[in-house]
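Heads up, the thing below is written out as structure tokens.
Every read-out reported here was derived from the displayed coordinates using simple, explicitly stated rules and does not represent laboratory data. All values derive from a computational prediction rather than experimental measurement. Don't worry about glycine lacking a Cβ; one is built from the backbone with ideal geometry, like all the others, and counts go over all protein chains shown.
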Number of protein chains: 6
Amino acid sequence: MTTAPLLLVVEDEALLHLALEDELADAGYATMVLSNGAAAIRELKADASRFRALVTDIRLGTGPNGWEVAHVGRELCPTLPVLYMSGDSAGEWAANGVPSSVMLSKPFAMAQLVVAVSQLITQSDTSSLVS
Amino acid sequence: MTTAPLLLVVEDEALLHLALEDELADAGYATMVLSNGAAAIRELKADASRFRALVTDIRLGTGPNGWEVAHVGRELCPTLPVLYMSGDSAGEWAANGVPSSVMLSKPFAMAQLVVAVSQLITQSDTSSLVS
Amino acid sequence: MTTAPLLLVVEDEALLHLALEDELADAGYATMVLSNGAAAIRELKADASRFRALVTDIRLGTGPNGWEVAHVGRELCPTLPVLYMSGDSAGEWAANGVPSSVMLSKPFAMAQLVVAVSQLITQSDTSSLVS
Amino acid sequence: MTTAPLLLVVEDEALLHLALEDELADAGYATMVLSNGAAAIRELKADASRFRALVTDIRLGTGPNGWEVAHVGRELCPTLPVLYMSGDSAGEWAANGVPSSVMLSKPFAMAQLVVAVSQLITQSDTSSLVS
Amino acid sequence: MTTAPLLLVVEDEALLHLALEDELADAGYATMVLSNGAAAIRELKADASRFRALVTDIRLGTGPNGWEVAHVGRELCPTLPVLYMSGDSAGEWAANGVPSSVMLSKPFAMAQLVVAVSQLITQSDTSSLVS
Amino acid sequence: MTTAPLLLVVEDEALLHLALEDELADAGYATMVLSNGAAAIRELKADASRFRALVTDIRLGTGPNGWEVAHVGRELCPTLPVLYMSGDSAGEWAANGVPSSVMLSKPFAMAQLVVAVSQLITQSDTSSLVS
């Protein structure tokens with residue numbers, strides 16, 4: 001409440017930007033939506049602590065992919081909740097994902113995204129209070 | 001995103017069909033809503049893999065009940081997420097439910113249905129990536 | 001479905017009452033919203049079993065705080081799902097919270113509240129069926 | 001401590017009886033080891049509440065199999081922790097197992113059995129205290 | 001490995017001291033076993049961070065009981081894993097226990113104690129790495 | 001039972017080999033204990049499916065470290081349970097670990113290792129049955 005928690009959303013398909021922003025705004029989140037991995041890493045390096053979670057596609061055109069963005073995010077902020085979205089790269093999650101992350105396999109329902117990101121943030125906050 | 005995940009919903013109370021469809025559509029799901037167990041089993045046998053989850057009432061008038069529908073669904077597709085809804089039959093879940101299923105005891109809030117089905121689908125997808 | 005599950009919401013900031021009520025009503029919950037701990041404890045003592053969950057702020061002005069309200073709720077009804085909301089008191093949860101409760105650290109998104117309360121209720125109902 | 005919790009163990013391979021008994025005794029459990037499903041159901045019907053958990057093989061020669069034994073156990077005592085052990089029948093667990101049960105796929109290490117049964121009992125006890 | 005993790009064990013029944021020490025030593029833990037709550041609180045206040053977990057009975061004769069010992073432990077060290085053991089006081093855990101604690105209801109098997117304390121420590125360590 | 005499940009254990013401190021082997025043998029596991037990452041990767045590439053879990057230290061002298069060994073293991077076998085052991089590298093787990101892995105921070109008790117590896121194997125087996 002009061003201030004909307006800020007999510008970093010990385011998705012190279014520009015047609016999806018509005019749908020993601022709208023859905024997450026309805027759920028009470030503010031979003032910074034970026035189209036490529038280099039921009040995402042730049043924003044993480046500028047100040048990772050302002051983001052309550054990272055939501056990232058895997059394939060991001062040229063430059064770093066979603067695995068690399070999440071890796072950098074976790075190096076800067078080990079407690080960053082991470083949610084991957086992917087179609088054909090979901091199978092690589094077991095080897096390339098970070099611990100305590102979630103992979104949403106496309107196609108998925110918007111409610112899956114909202115529920116998963118909400119749970120990850122609450123769990124991360126809760127764990128930090130007892131550990 | 002892109003294509004809405006399809007849920008098989010079995011509920012013999014026709015007055016609830018529209019409310020269930022609307023709520024699940026708002027959450028981003030497509031639904032096939034059926035009124036009895038025989039029809040549900042027929043659709044599962046035709047192609048169980050098109051359904052991302054089964055949402056079923058327990059008492060379904062004449063014919064197979066919800067326990068039987070879920071049992072058939074899991075025989076055809078061991079990974080099918082299963083969510084039961086019931087009032088007076090909830091107490092039988094410990095003996096008759098399938099593993100990793102959820103029982104929603106009536107009355108419940110629509111958000112409980114949306115959150116539970118979204119979690120079950122994400123968990124099932126995620127587990128399949130590491131096992 | 002049919003009857004909306006009733007939540008006891010305790011929040012001393014009156015400006016938030018409407019937002020909490022609206023959001024929880026959209027999710028399918030009925031709410032009794034109170035402004036202080038004494039009133040909350042009175043309602044719990046009158047009949048704790050009518051509430052499906054307790055959602056409480058920690059600092060509640062004069063009188064009992066949120067830790068005390070939850071403690072009384074659990075003494076009357078050991079199965080009561082408990083969700084705390086707080087800003088500066090979140091750090092005391094490890095020592096003062098009850099088991100199986102959730103702490104939402106402010107600021108949080110409304111979706112975090114809806115998802116957490118829905119999960120707690122479903123888990124509590126489910127556990128009661130196998131234990 | 002004081003009194004050893006009693007486990008009902010059902011295994012038709014008599015050569016394994018001693019190993020199971022020894023290992024569970026070392027872990028602090030008392031065991032009633034039976035060779036077939038009919039005997040197990042008879043003991044459950046006599047007094048299911050004296051058993052803190054059921055550990056059962058699936059294939060049990062003639063008479064009821066492990067799925068049926070667990071089903072009866074849960075009808076008599078919905079909170080009974082259930083642990084199945086199997087080789088070739090593990091794949092049927094998704095359709096035939098009861099909720100909150102565990103399936104140990106043979107071959108397994110004795111530590112898997114001890115850890116799983118200990119966890120199931122502690123979880124069941126814990127859940128009963130808040131639900 | 002190398003240095004045994006130290007557990008603070010509080011149990012007023014002196015006859016159980018040796019059994020608890022032996023069992024936990026076999027599992028690889030060092031123990032400081034105390035007979036009353038005042039001594040336990042004194043040791044926690046001297047340096048709570050040297051203990052990897054607190055294992056405490058509820059009824060401890062005169063002086064502070066197990067609920068109070070755990071409360072002090074968590075105030076000093078919010079990440080302290082807490083495991084309660086009790087017979088007749090288990091029912092009060094829902095109101096008096098701390099979050100993320102475990103209640104072992106007597107009688108229990110020694111393996112339940114070892115498995116629960118091992119899990120709590122590993123979970124606490126793991127959570128601290130991502131939150 | 002019958003055949004002991006085989007664990008791949010990678011630890012560059014030779015003095016610990018015997019302790020790890022003994023403890024895991026007592027728990028019912030067979031072990032292949034190796035001293036460096038190159039040997040571990042060679043054995044994984046030869047046949048990853050024979051191992052029921054990977055237990056690896058992070059620092060392994062010259063050659064690949066534990067993060068790399070686990071990465072290769074998961075590429076070859078996405079369902080491989082992974083357990084890391086480390087002292088000073090535990091803090092890098094959030095960025096470098098694989099999903100659903102466990103990090104044991106040294107010093108730890110042998111029971112933590114046995115409980116964690118047993119749980120990971122049972123969970124992995126169980127998940128594979130419903131997903």
How large is ³J(HN,Hα) for each residue in region B:40-49, as worked out from phi by the Karplus curve 6.51 cos²θ - 1.76 cosθ + 1.60 (θ = phi - 60°), to whole Hz, x for Gly and Pro?
-> 5, 5, 4, 5, 4, 5, 5, 5, 5, 6
Kindly give the distances from A:SER49 to its copy-mates, label point to label point, with each label point 7 Å from Cα along Cα→Cβ, as nm values to one decimal ordered shortest first.
-> 2.0, 5.0, 5.0, 5.0, 5.6
Which chain E residue sits with its beta carbon nearest the axis carrying E onto F, and how many Å away is it, rounded to a whole number?
-> E:VAL115, 3
What trypsin sites (Lys or Arg not before Pro) in region E:1-60 are in a loop by DSSP, with at most 14 other Cβ atoms within 10 Å of the Cβ?
-> E:ARG59
Using R₀ = 25 Å, calculate the FRET efficiency as 1/(1 + (r/R₀)^6) where r is the Cβ-Cβ separation of C:LYS45 and C:ALA25; round to 0.05.
-> 0.45
Picking from E:ALA48, E:VAL102, E:THR3, whose Cα lies most toward the positive end of the charge dipole for chain E (charges on Cβ: Lys, Arg +1; Asp, Glu -1)?
-> E:ALA48
For peptide F:86-95, the mean count of other chain Cβ atoms within 10 Å per residue Cβ is 5
Any of D:LYS45/E:LYS106; C:LYS106/F:LYS106; B:LYS45/D:LYS45; B:LYS106/C:LYS45; D:LYS106/F:LYS106 with alpha carbons more than 28 Å apart? Name them for me.
-> C:LYS106/F:LYS106; B:LYS45/D:LYS45; D:LYS106/F:LYS106
Sequence-separation-based contact order of chain F, relative, with Cα cut under 8 Å and 6+ spacing, percent = 22
Once you sort the root eigenvalues of the Cα gyration tensor of region F:6-130 as a ≥ b ≥ c, which label holds: rounded (a/c under 1.5), prolate (a/b larger than b/c) or oblate (the other case)?
-> rounded
Mind checking B:27-33 for the average number of partner chain beta-carbons within 10 Å of each residue's beta-carbon?
-> 3
Residue-averaged beta-carbon neighbours from other chains (10 angstrom radius) around D:101-107 = 6
Quick one: net charge of A:ASN65's neighbours, Cβ under 12 Å, K/R +1, D/E -1?
-> -3
Dividing the helical contributions, -39500 (n - 2.57) per DSSP H run of n ≥ 4, by the residues of chain C yields a 222 nm value, nearest 500 deg cm²/dmol, of -13500 deg cm²/dmol
